[in-house]
Amino acid sequence: MSIAALFPGQGSQYAGMADPWEQHAQGRDVLEEASELIGSDLAGACRDDELLATTAFAQPALFACDVAAFRVLRSEGVHVRGAAGHSLGEYAALVAAGVLTFADAFGLVAERGAAMQAAANQLPGTMTALLGAGATDGAEIVALAAQGDVLTVANENGPKQVVLAGSVAAIERAEREAKARKVRAIRLNVAGAFHSPLMAPALERMRTALADVDLAEPTFPVVSNVTGEVIAQPEDLRDLLARHVVSPVRWERSMTTLDGLGIDTFVEAGPGDVLSKLVKRTVPDAFAVAVGNPDAAAGFARQHGEREA
């Protein structure tokens, strides 16, 4: 058995998502550190739907919950052999692998959320999920619907799910084209066109934020969203984390890469169960489960943990 941890990103948040992790000492420690860093009660703020709807707050809040979930899993005896995080979740994967300290990553995530919110205000856009379309289908729809506007495949989530990002007009055309192909399109409730060229104003802010942060070599393989491959060199990771905001999330390729490393068990650490469901579509023979609270983490550990002597 070989376990990989998966960390969800923006879109998985829900009101009260931090509350379960306050019930476990390891999770509580993470949330208290996050509260100190923002100067207010993070768990309490996570009960506010309006705050969670903003990119600037949702990203650091989700990141803290992801790391809290991982620390609980680790304390219960779960030892992972690899990791990946979807979009924002990649920062939690890098903390889990020892590449970034929690404090440094929290600062980067807070800057990322603010920079992406500002970019969305400056260059408005939106996103839509296409259910029943893979990367090739998505690219065909983009080619037909762009018509000179910004439009791109932003998330390659699985064999039959992609997310498009772009200007509102281009997304509307893409949704009409999807309907004509009998592909279901679901408009996402997001602040902007993430992982598209409309996030360009956030790129230099992230390069500046990353310039002075120390990055270590990962203690286990971490797959990059930008490449869908394992990246081990800190300077390569620094560059990819900056490009992350304007590059597609190659999630399907990331899961295939982990599968190729011999990973057969995936545990989603953090709010929701989107990623564990996606695993089953890309790596159908693997076991995948989400742990959204300490009891679920302890249950997973009883079956899959490796207690150290």
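Solvent exposure of the chain, expressed per residue, is 40 Å² of accessible area, with all protein chains present and a 1.4 angstrom probe. Compared with the dominant Cα axis of the chain, that is its longest principal axis, helix 168-180 is turned about 80°. Annotation: amide H-H contacts under 5 Å for MET127 (H modelled 1.01 Å from N, sequence separation of 5 or more, or interchain): LEU188, VAL190. With q set to 0.13, 0.14, 0.20 Å⁻¹, the log10 of I(q)/I(0) for the range 44-172, from the Debye formula over equal scatterers at the Cα positions, is -0.70, -0.79, -1.15. Protein heavy-atom surface of the range 140-198, 1.4 angstrom probe: 51% of the accessible area is carbon and sulfur, with nucleic acids and ligands not counted.
Seen from THR126, the other residues with C-beta closer than 14 Å to its C-beta sum to a net charge of -1, counting Lys and Arg as +1 and Asp and Glu as -1.
Computed per residue of the chain from DSSP H runs no shorter than four, each worth -39500 (n - 2.57), the mean residue ellipticity at 222 nm is -14500 deg cm²/dmol.
How large is Rg over Rh for the range 1-73, taking Rg from the Cα atoms and Rh as the Kirkwood inverse mean of 1/r across Cα pairs? Here the Rg-to-Rh quotient is 0.97. Restricting the calculation to Cα atoms, the chain shows an Rg/Rh of 0.95 when the hydrodynamic-style radius is the Kirkwood one.
If you take the charge dipole of the chain about its Cα centre, with +1 on Lys and Arg Cβ and -1 on Asp and Glu Cβ, which of LEU215, GLY148, PRO8 is farthest toward its positive end? My answer, from the dipole projection, is GLY148.
Once both labels are positioned 7 Å from their Cα atoms along Cα-to-Cβ, the gap between ARG184 and THR54 label points is 3.3 nm. Take the alpha carbon atoms of the range 179-209, find their center, do the same for the range 82-154, and report the distance between the two centers in whole angstrom. With the range 179-209 and the range 82-154 each reduced to a Cα centre, they are spaced 6 Å. Look at the alpha carbon pairs under 8 Å that are at least 6 residues apart: their mean separation over the length of the range 159-236 gives a relative contact order of 19 percent. Here the contact order of the chain, divided by its residue count and restricted to Cα pairs under 8 Å and six or more residues apart, works out to 25 percent. Debye-formula intensities of the range 194-299, expressed as log10 I(q)/I(0) at q = 0.23 Å⁻¹, are -1.20 (one equal scatterer per alpha-carbon, no solvent).
Sparsely packed loop sites in the range 250-309 (the GluC sites (Glu not before Pro) outside DSSP H, G, I, E and B with at most 13 other Cβ atoms within 10 Å) comprise GLU306, GLU308.
The values are calculated or read from the model by the stated rules, or taken from the named source; none is laboratory data. This structure is a prediction, so every number in the text was calculated from the model and none was measured. So basically every Cβ, Gly included, is an ideal-geometry build from the backbone, and we count neighbours across all protein chains shown. With ligands, DNA and RNA removed, areas are computed over all heavy atoms of the protein, side chains included. Shrake-Rupley method; radii C 1.70, N 1.55, O 1.52, S 1.80 Å.
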